[in-house]
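Enquirer: This is the structure, below, for whatever I ask next.
The values are calculated or read from the model by the stated rules, or taken from the named source; none is laboratory data. This one's a predicted model, so the numbers in the text were calculated from it and none came from an experiment. Glycine also receives a Cβ, built like all others from the backbone with ideal geometry; neighbour counts cover every protein chain displayed.
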Amino acid sequence: MSHFTLYTYVLSASCYKVRLMAALLGVPYDSVAVNFYPGFEHRSEAMLALNPWGTLPILRAGDLVLTETQAMLGWLATNHDPTGRWYPAADPALGPQVLQWLGLAARLTGSAGLARLHAILDWPVDGEAVRKAALKDLQELELLLTDRVLAGQTWLVGDHPTIADIACFPHAALSPDAGLEHDGFPAIRNWLYAVRSLPGFVTMPGIHELHELREREPADPQ
Amino acid sequence: MPSMPVGLSRDLPPKRVMRASVGGQDIVVWRASNGDIAAWDNRCPHRGMALSHGFVRGNALACLYHGWHYEQSGRCSYIPAHPDLDPPATIHTTRFGVTERDGVIWVDTTDTAKPGMLTEPLDPLRSLIAEVSEAAVEAACHSTPFEGEMPQPSGSGLYALGTIRLALLTNPLGPNRTQVTVLTSPGLSLQTRLALSRWCETLRRNAEATGTGGA
Ligand SMILES: N[C@H](CCC(=O)N[C@@H](CS)C(=O)NCC(=O)O)C(=O)O
Ligand code: FES
């Protein structure tokens, strides 16, 4: 049974964020493909009636319409994760940390996300400025992930992946599309790998699956 | 060229691949399932694809493009399009010397890797890239205090920060790009290590503000 409808575009990292969370939680949904580029269909009258902000993705579940991806992740986890681990909202220590990361994820959308749209679709923004902002945001992400590594941890918050990891993952993973390679970011690299290793992980153009996990040779000791 | 530090051992777990650079040479560094490490020219002998996009299969590195496998010796061990062929020994990657010491991966593009130059036991802290020259990083290190103490140089990239010993290893990646590997005295508290990681960030900012590559 389908639990929601997602208006989505295949090359959008923000849309992928929601598809990934739904896949990891095993939540079935219906997709409506929107011609974001070159059609700019997300700015059509019909789409603006649904989402006056003119952005993608849009999540609709009955009367509920969500237009912010961070809220969509929260909705998915609150309604479809019986373990409560993906969004420990009520935990006094972990809950606020997750919210902090959701805010930083929105920053990444405005820096790395725009830098990528500029690089791949020639989006009309100051390419140099957004690239610079993206580099700075990635440096801060690297610093905070290094804190986690030094503390012996893998995920952004607590000892289980949360919606915070999924919210930050796509734009960090796709930054090479904008010429921001991961060579100088070992902590980001290893965290991206950990996300890609999660059971149920799905891909998008530019983020492929881990071949080493897909087919195993008999000679492979693992 | 002597051995250059290209990253921390802890940042390259088994079955993982990373890209590195020494003296302008593009390098793939990878670790097999059994923990052994290798460093090669980052070009697949088949059609030149960057091997750093490849993946580890057991104790071989597989190229992402056509899936040729190379074992740690560099020899091609498997060609998927010709599964029954034993690939000729002439098909092999260009290998470089690589060693691990003090938690650091050292690569030598000219010779067998000589272990690094550290003269005392230190713990790896982190490795990062600054968008400035090597000289600018070193200059900033002399003028970036940690908890009120100015680093005192004691030779070969070693500094004293109060009671803490710190090594700042640099690997120039270009005129305005430097890889920095930082090690500290062993046994520091987590709190001190987190503070030192932030000091690295301040060091980078100071270097980038004053160095040739500064904004
Ligand atoms: N509401 C934001 C929107 C995400 C976003 O920026 N989406 C891009 C596509 S990846 C978009 O719709 N841009 C609209 C436009 O600039 O026309 C979020 O949830 O993070
Ligand atoms: S280029 Fe590597 S296998 Fe063909």
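Enquirer: Have a look at B:Val107, B:Val137 and point out the one that is more than 23 Å from B:Gly187 (Cα to Cα) and within 16 Å of the chain's Cα centre (by Cα).
Expert: One residue alone meets the criteria, B:Val107.
Enquirer: Ok, one more. Working only within segment A:176-207, note down all residues that are of a type in the set (S, T, N, Q) and either away from every other protein chain (no Cβ under 14 Å) or in a loop (DSSP other than H, G, I, E, B) (or both).
Expert: Within segment A:176-207, A:Ser197, A:Thr203 meet the criteria.
Enquirer: OK, next. Can you report the number of residues in segment A:43-59 which are farther than 16 Å from A:Thr109 by Cα and assigned to a strand (DSSP E or B)?
Expert: Result for segment A:43-59: 1.
Enquirer: Now, a different point. Can you tell me which residue in segment A:1-50 is nearest to the chain's Cα centre (by Cα), limited to those that are surrounded by 20 or more Cβ atoms within 10 Å (Cβ to Cβ), over 18 Å from A:Leu174 (Cα atoms) and of a type in the set (Phe, Trp, Tyr)?
Expert: The extreme case among them is A:Tyr7.
Enquirer: Which condition number in (1) away from ligand 2 (no atom under 14 Å from the Cβ); (2) surrounded by 17 or more Cβ atoms within 10 Å (Cβ to Cβ); (3) more than 14 Å from every other protein chain (Cβ to nearest Cβ) is the one that B:Ile105 fails?
Expert: Of (1) away from ligand 2 (no atom under 14 Å from the Cβ); (2) surrounded by 17 or more Cβ atoms within 10 Å (Cβ to Cβ); (3) more than 14 Å from every other protein chain (Cβ to nearest Cβ), only one is false for B:Ile105: (3).
Enquirer: Looking at this structure, is A:Ala119 farther than 28 Å from A:Leu25 by Cβ, in contact with an Asp or Glu (Cβ under 7 Å, 6 or more places away or on another chain) and more than 16 Å from ligand 2 (Cβ to nearest atom)?
Expert: Here the answer is yes, as A:Ala119 does meet what is asked.
Listed here are the residues, each with its yes/no results for (1) more than 14 Å from chain B (Cβ to nearest Cβ); (2) farther than 21 Å from A:Leu144 by Cβ; (3) within 16 Å of ligand 1 (Cβ to nearest atom).
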position	(1), (2), (3)
A:Leu64	yes, yes, yes
A:Gln70	yes, no, yes
A:Trp75	yes, yes, yes
A:Thr83	yes, yes, no
A:Gly95	yes, no, no
A:Gly103	yes, no, yes
A:Leu117	yes, yes, yes
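Enquirer: Right, something else. If you take the residues of segment B:171-183 that are surrounded by fewer than 20 Cβ atoms within 10 Å (Cβ to Cβ) and not small (Gly, Ala, Ser), which of them is farthest from the other protein chains (Cβ to nearest Cβ)?
Expert: Ranking the candidates gives B:Pro175 first.
Enquirer: Please specify each residue of segment A:69-105 satisfying the condition of being part of a loop (DSSP other than H, G, I, E, B) and either within 16 Å of ligand 2 (Cβ to nearest atom) or surrounded by 17 or more Cβ atoms within 10 Å (Cβ to Cβ) (or both).
Expert: Residues satisfying the conditions are A:Asp81, A:Trp86, A:Tyr87, A:Pro88.
Enquirer: Collect the residues in segment B:40-74 that are among the charged types (D, E, K, R) and within 9 Å of ligand 2 (Cβ to nearest atom), keeping them in residue-number order.
Expert: Of everything in segment B:40-74, those that are among the charged types (D, E, K, R) and within 9 Å of ligand 2 (Cβ to nearest atom) turn out to be B:Arg43, B:Arg47.
Enquirer: Select, from B:Asp26, B:Asp84, B:Asp36, the only residue that is of a type outside the set (Ser, Thr, Tyr) and either more than 14 Å from chain A (Cβ to nearest Cβ) or within 16 Å of ligand 1 (Cβ to nearest atom) (or both).
Expert: Just one listed residue meets the conditions, B:Asp84.
Enquirer: Step by step: first the residues of segment B:1-23, then only those that are under 11 Å from the mean Cα position of the chain (by Cα) and of a type in the set (Val, Ile, Thr), then the one that is farthest from the other protein chains (Cβ to nearest Cβ). Which residue is that?
Expert: B:Val22
Enquirer: Another question, if that's okay. Test B:Ser77 against the stated conditions and say whether it is more than 12 Å from ligand 2 (Cβ to nearest atom), modelled with pLDDT of 95 or more, among the hydroxyl-bearing types (Ser, Thr, Tyr) and closer than 30 Å to A:Asp147 by Cβ.
Expert: no
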